[in-house]
Amino acid sequence: MTIRVLVLVCLTLLRTAPASATEPAALTVDSVGMTVTDMNRSIEFYTTVLTFVKVSDVELSGRDYELLTGVFGARLRVVRLVLGSESLELTEFLAPRGRPMAPDVRANDRVFQHVAIIVSDMDAAYARLRQFRVAHASTGPQRLPDWNPNAGGIKAFYFRDPDGHFLEVLQFPPGKGDSRWHAADRLFLGIDHTAIVVSDTDRSLALYRDLLGLRIVGTSENFETEQEHLNNVFGARLRITTLRAPAGPGIELLEYLAPRDGLPAPTDLKSNDIAHWQTTILMPAPAAIVEKAASHPPFSLVSPHVVPLMDDTLKLAAAALLRDPDGHGVRLGLKPSTN
């Protein structure tokens, strides 16, 4: 029996098995990914400016990848980059090409997503970004005020990559963040989390916490001038909720309590559009989640079902792409067997 047939049999059994309140939850946030216009340009930016390391570079096509991405005729170049222990997955659609990033996307629009790259020295990181003439998204690096017990002392700066994707560099003060974020052996240390703008935190928690099993590890409410200048949104007041799986980067929910004028994500956002991001979460039984999503919110399906993959070039035996209530891409994956 081929590996593909075995995966199909396993998925069928998972679809027909009764859902259990004790179903294992998310195992890890495997990677955060985005669609890019020019892969060579993006590789140059991420490896040269931010010191990511390229670990794989593959070209993919065929029915499996059409179903997985929701794009008919999809031909992809997919590159995995690593910084520290975390992975960033870049995808260029060689065909068909999607829409470019809208030039006026704001940090409170619900299509917003970024990755927070931890640095050991904010001044040195900002000087390096200025050296490479990156586009500012913040007015400059900000130190969050000490009156905020959960965020006080954190230094952060938003900027953009060559396609206009938002990125953040962040430095934790002593006593905050994981111990590994206080190493000083290099400037760029790894990815702490990906952040997404949501319209209703409680509705998003019904997905990320209650359905996928991520746990809340931190909350805060951020406002005042430092937050406004960080997000470049006048009057910004945010409810921030950070969730984590047992391993991998966190997922940070950003709800703008003010201003409430952020635009919704395009209802026709496609995987080949440059505004598309996807967070890959490995699950022991992704088919069970997809079956729930097919019949009721908070998910909407992009892939019609969990798609068995013919090889392990994406380090996935099977996967399905969905969107959360605000349009953010979530790819649920089944890890290849190590037997």
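A few remarks follow.
For (1) touching a strand residue (DSSP E or B) at 6+ places or on another chain (Cβ under 7 Å); (2) assigned to a helix (DSSP H, G or I); (3) of a type in the set (A, V, I, L, M, F, W, C), each residue gets a yes or a no:
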site	(1), (2), (3)
Leu129	yes, yes, yes
Thr139	no, no, no
Pro145	no, no, no
Ala151	yes, no, yes
Phe159	yes, no, yes
Gly164	no, no, no
Pro173	no, no, no
Trp181	yes, yes, yes
Ala184	no, no, yes
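- Of all residues in segment 230-241, none are within 14 Å of Asp326 (Cα to Cα), in contact (Cβ under 8 Å) with a residue 40 or more places away in the chain and in contact with an Asp or Glu (Cβ under 7 Å, 6 or more places away or on another chain).
- Leu211 being farther than 14 Å from His328 by Cβ, among the aliphatic types (A, V, I, L, M) and assigned to a loop (DSSP other than H, G, I, E, B): yes
- On the stretch given as segment 191-200, residues that are out of contact with any helix residue (DSSP H, G or I) (no Cβ under 6 Å at 6 or more places or on another chain), surrounded by 18 or more Cβ atoms within 10 Å (Cβ to Cβ) and either of a type outside the set (S, T, N, Q) or farther than 16 Å from Thr279 by Cβ (or both) total 6.
- On the stretch given as segment 112-122, residues that are part of a strand (DSSP E or B) and within 19 Å of His182 (Cβ to Cβ) total 4.
- Residue selected from segment 128-173 under the condition more than 27 Å from Gly98 (Cα to Cα) and among the β-branched types (Val, Ile, Thr), by the criterion surrounded by the fewest Cβ atoms within 10 Å (Cβ to Cβ): Thr139
- Scanning segment 265-290 for residues that are more than 15 Å from Gly329 (Cβ to Cβ) and in contact with an Asp or Glu (Cβ under 7 Å, 6 or more places away or on another chain) turns up Leu282, Ala285, Ala288.
- Of the residues Lys335, Lys270, the single one that is under 16 Å from Gly70 (Cβ atoms), among the basic types (Lys, Arg), surrounded by 16 or more Cβ atoms within 10 Å (Cβ to Cβ) and touching a residue at least 40 places away in the same chain (Cβ under 8 Å) is Lys270.
- Residues in segment 257-311 that are of a type in the set (Asp, Glu) and within 18 Å of Asp30 (Cα to Cα): Asp311 only.
- Options Glu66, Glu89; residue that is farther than 30 Å from Tyr126 by Cα, among the acidic types (Asp, Glu) and touching a Gly at 6+ places or on another chain (Cβ under 9 Å): Glu66
- Any chance Ala125 is crowded, with 19+ Cβ neighbours inside 10 Å and assigned to a helix (DSSP H, G or I): yes
No value in this document is a laboratory result; all are computed from the given coordinates. This structure is a prediction, so every number in the text was calculated from the model and none was measured. Every residue, glycine among them, receives a Cβ derived from its backbone with ideal geometry; neighbour counts consider all protein chains shown.
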